[in-house]
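Please treat every number below as a calculation from the coordinates, not as lab data. What you see is a predicted model, and the numbers here were worked out from it, not measured in a lab. Cβ sites come from the backbone with ideal geometry, for glycine too, and all protein chains shown count toward neighbours.
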Amino acid sequence: MVKLNMVQAINLALDGEMARDENVITLGQDVGVNGGVFRVTDGLYKKYGEERVIDTPLAESGILGTSIGMALAGLKPVAEMQFSGFSYLMLGQLEGHASRLRSRTQGMMTVPLVVRMPYGGGVRALEHHSESHEATFAHVPGVKVVIPSTPSNARALLMAAIRDPDPVVFMEPKRSYRAFRENVDENTEPMELGKAQVVQEGTDLTVISWGAMMRPTLQAVDAVQNKHNVNLELIDLLTISPMDTETIAESVKKTGRCVVVQEAPRSFGPSSEIVATINDHALMYLEAPVRRVTGFDVVMPFFERELDYIPTEGRVIRAIEETLEF
Amino acid sequence: MKTTDKKAVKSAKKSSTPPESAAAGSFDLSKPSPVFTITHMQILDEQGNINHVDEPDLKPEKLKQLYEAMVLARAVDDRLLKLQRQGRIGTVPLCKGHEAINCASTLAMNDDDWFVGSYRDQGGRLMRGEPIENAMLYYNGCEEGATFPGGERTLPVSIIIGAQLLHAVGIAYAARLRGETNTAVVCHFGDGATSEGDFHEALNFASVWQVPVVFICTNNQWAISLPREKQTRSQTIAQKAIAYEMPGVQVDGNDALAVYQATHEALERARRGEGPTLIEAVTYRVLMHTTADDPTRYQEPEELANWEARDPLPRLKNYLVQKKLWDDSQQEELDARVKQQVDQAVANFESRTDFKPDAPFDYVFGTEHHRIEEQRAEFLNELNKESADG
């Protein structure tokens, strides 16, 4: 066991996968000599050389488009978008080709690649550096969208994403990059994609969240349990798409109450899909309406205001209490 | 004739020789400004004159193979148009007049090379082994026609303009990294694609990485209704290579020998590890963009007639006749054989019934997911009810 932060854990996953499979390569802006602007790829350039740790020209579509070609020809590229806010320039390649080549060729050609990108607010960054637009990617059939929340699951999920046969958008909550350390098992096994994790079992209410929101959500769950005599179930979604229907439905059938915590704007996001899933599979078990604690449908404000717009522990506590009392 | 296109350049300095100041990435007033040339290549002109200096050393069987492939490509194009007009297939982009570009460049490739195309390169796809009926299936809206057995290195049609250039660069990078020293990539696109960001990103990445790619721009002067002069102010498309420090060659796209030779030379360079090349093959779109288009709204009939007279097929045929490799009886035999092949393909295409209605659910992911399976079950159930309702 070693205590690592999320940056170190992701680095360890990349290092391990590159050592394990010589077809795994990584590419992006400043990922080589500089080790990435967040130092996620630190040391890999020295260890694996410039052919496998590629400092690319500054062009997001170019990075993903060439990654698609590499994947078609037998490599497993792990492309880095420096910030999710810059990634829309590669959306054409992702939607137009990465997500479709398997279907277009009826399985003859596949695109096993990973696009890593830091996302989310709370680090006082400039415009375009703070958004949570996981829904943009999750709405594309053929793309898997994964968001870790801790150093341990970041490592295990990235290992799985690299070994996965499909394009995976791996969104890293930058607010959690260096926020805390935890013990990471040296013999980490990949976690299965498409599965949510029940972090804490409970009987009275289900709380569902993912990514950077897991921290305030966990604190809110503790606070409510300390104050009231209740057992809350906490689910970490981990894979946004394809979403784990069963874990959500089974939990809500058991508890009858649910609060979803999402950093992204409210409408059309994963929280909407979670509510729809509950509607499809567990509606008759509900004791209260499903409550959503989310960002708002506004352009992410500049950083002086951002903390007022991102869900807080207090907002989550109030939503849980109101749902319990309904 | 292989000449220097004086319009495009200031004075003669080989484009393949990087100017020292630029190569150093510095600004040095003591060095002369860089000047560049664009090579213009024509080997077989419209009157049948041959430039013997650049004439490719092709064996008779290869020359006949090339001509036969071009005749087949034309016949398939004609038939696809007819089938569409008869309502037997959907919308089709047409390739008439582009046979020299598509077939001669493909003739220069080897089996280990990758073919990365768009949708106006049917002749090349057929040479790569695509069965004719697959083209019919594809243009009748079936994924079953997008690929073919043995076509692992022939990418399916790419409809998004310019996107495939980046795939070509990535493939070439992977081939080199994986030690495939004999593998190169030939990538096709049109003049419209040169306005896309992906074109510029691809040329830049390819040049920085010095990967084995041959970019072939079919400059047919039109991107649907937009003429070449409104697409770019550049005098040639080939000169766009100069900004990316790679050779740019402009060839007569209706001259199969020039297309072959330019592609052959570029592939040789690529295999020697000398990086990418941009070939601009100049031709004309003598038919509509697709069967959904009406070019009489924007094309001048005189210009069209002028280009129709430069048809690449008779030009190469005359060359074969001059070389005593071809005569009327061989032409008759070929025409009959091609007609039979195309007829058979139509029969194969139209008799095919093995379409699995839920196939799209099979190819969303490489792993099984309950959401997909749940929706597949719903789809099949609804489909049953629809057919029961008649």
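Skipping prolines and chain starts, which residues have an amide H placed within reach, meaning under 5 Å, of the one on B:G190, given they are 5 or more residues away or on another chain?
Answer set, sorted by chain and number: B:T218.
Helix A:313-325 sits at what angle to the longest principal axis of chain A, using alpha carbons and giving 0 to 90 degrees rounded to 10?
Taking Cα atoms only, the helix is inclined about 40 degrees.
Give the residue from A:V293, A:S149, A:L64 lying farthest towards the positive end of the charge dipole for chain A; charges sit on Cβ (+1 for Lys and Arg, -1 for Asp and Glu) and the dipole is referred to the Cα centre.
Projecting each Cα onto the dipole axis, the largest value belongs to A:L64.
Would you order A:W210, B:W326 from fewest to most other beta-carbon atoms within 10 Å of each residue's own beta-carbon?
By the 10 Å Cβ count, ascending, the order reads B:W326, A:W210.
Among A:L91, B:L72, what is the fewest-to-most ranking by other Cβ atoms within 10 Å? All intermediate terms of the calculation are to be shown ahead of the outcome.
Values: A:L91 15, B:L72 22.
Fewest-to-most ranking of A:L91, B:L72: A:L91, B:L72.
To the nearest 10 degrees, how steep is helix A:151-163 against the longest Cα principal axis of chain A, on a 0 to 90 scale?
Roughly 50 degrees, rounded to the nearest 10.
Among the DSSP beta bridges whose two residues both lie in chain A, what percent are antiparallel, rounded to the nearest 5?
Roughly 20 percent of the beta bridges in chain A run antiparallel, per DSSP.
In peptide B:141-147, what is the residue-averaged number of other protein chain Cβ atoms found within 10 Å of each Cβ?
Counting other chains' Cβ atoms within 10 Å and averaging over B:141-147 gives 3.
Would you mind telling me the antiparallel percentage of the DSSP bridges in the protein assembly as shown, rounded to 5? Walk me through the numbers before you get to the answer.
Values: 14 of 71 bridges.
Taking every DSSP beta bridge with both residues in the protein assembly as shown, the antiparallel ones total about 20 percent.
Plugging the Kirkwood radius over Cα pairs into Stokes-Einstein for the range A:197-325, at a temperature of 4 °C and a viscosity of 1.567 mPa s, what D comes out in µm²/s? Let's see the in-between values first.
Values: Rh = 14.5 Å.
In µm²/s, the coefficient is 89.
Would you please give the residues with an amide H less than 5 Å from that of A:T206, counting only those at least 5 places away or on a separate chain, with H modeled from the backbone geometry?
Result for A:T206 returns A:E233, A:R257, A:C258, A:V259.
Return A:S99, B:S33, A:S209 ranked ascending by Cβ neighbour count within 10 Å, so the fewest neighbours appear first. Don't jump to the answer; show the numbers that get you there.
Values: A:S99 22, B:S33 9, A:S209 29.
So the ranking, lowest neighbour count to highest, is B:S33, A:S99, A:S209.
Report, by chain and number, residues whose modeled amide H sits under 5 Å from the one on B:V92, excluding near sequence neighbours (fewer than 5 apart, same chain).
Residues meeting the amide H criterion: B:T291, B:A292.
Which three lengths, in whole Å and largest first, does the range B:3-351 cover when its Cα atoms are put on their principal axes?
Computed over the range B:3-351, the largest-to-smallest principal extents equal 70, 44, 42 Å.
So in chain B, what percent of DSSP beta bridges are antiparallel if you round to the nearest 5?
20
Using only the alpha-carbon atoms of the protein assembly as shown, report the extent along each of the three principal axes, biggest first, to the nearest angstrom.
Each principal axis gives a Cα extent; for the protein assembly as shown these are 98, 80, 47 Å.
Sticking with the crude label model, points 7 Å out along Cα→Cβ, report the distance from B:N49 to B:E308 in nm, one decimal please.
Placing both labels 7 Å beyond Cα along the Cβ direction yields 2.7 nm.
Given Cα pairs under 8 Å that are at least 6 residues apart, what percent is the relative contact order of chain B?
Relative CO of chain B lands at 20 percent.
So, how do all the Cα-to-Cα distances of chain A break down into 20 Å bins, in percent, from 0 on up?
Per 20 Å bin, starting at 0, the Cα pair percentages come out as 33, 57, 10.
Please average, across the residues of A:106-112, the number of beta carbons from any other chain that are within 10 Å of each residue's own beta carbon, and give a whole number.
Mean shielding by partner chains, rounded to a whole number: 6.
With springs only between Cα atoms under 10 Å, which of A:Q106, A:Q225, A:Q93 fluctuates most in a Gaussian network model of chain A?
A:Q106
List the trypsin sites (Lys or Arg not before Pro) in the range B:241-338 that DSSP assigns to loop (not H, G, I, E or B) and whose Cβ has at most 14 other Cβ atoms within 10 Å. Which are they?
Answer in residue order: B:R272, B:K323, B:K324.
Assuming a ≥ b ≥ c are the square roots of the Cα gyration tensor eigenvalues, decide whether the range A:283-326 counts as rounded (a/c under 1.5), prolate (otherwise, with a/b larger than b/c) or oblate.
oblate
Take the Cα pairs of the range A:2-184, get the Kirkwood Rh, then feed it into Stokes-Einstein at 20 °C and 1.002 mPa s and tell me D in µm²/s.
Numbers: Rh = 16.1 Å.
Stokes-Einstein gives a translational diffusion coefficient of 133 µm²/s.
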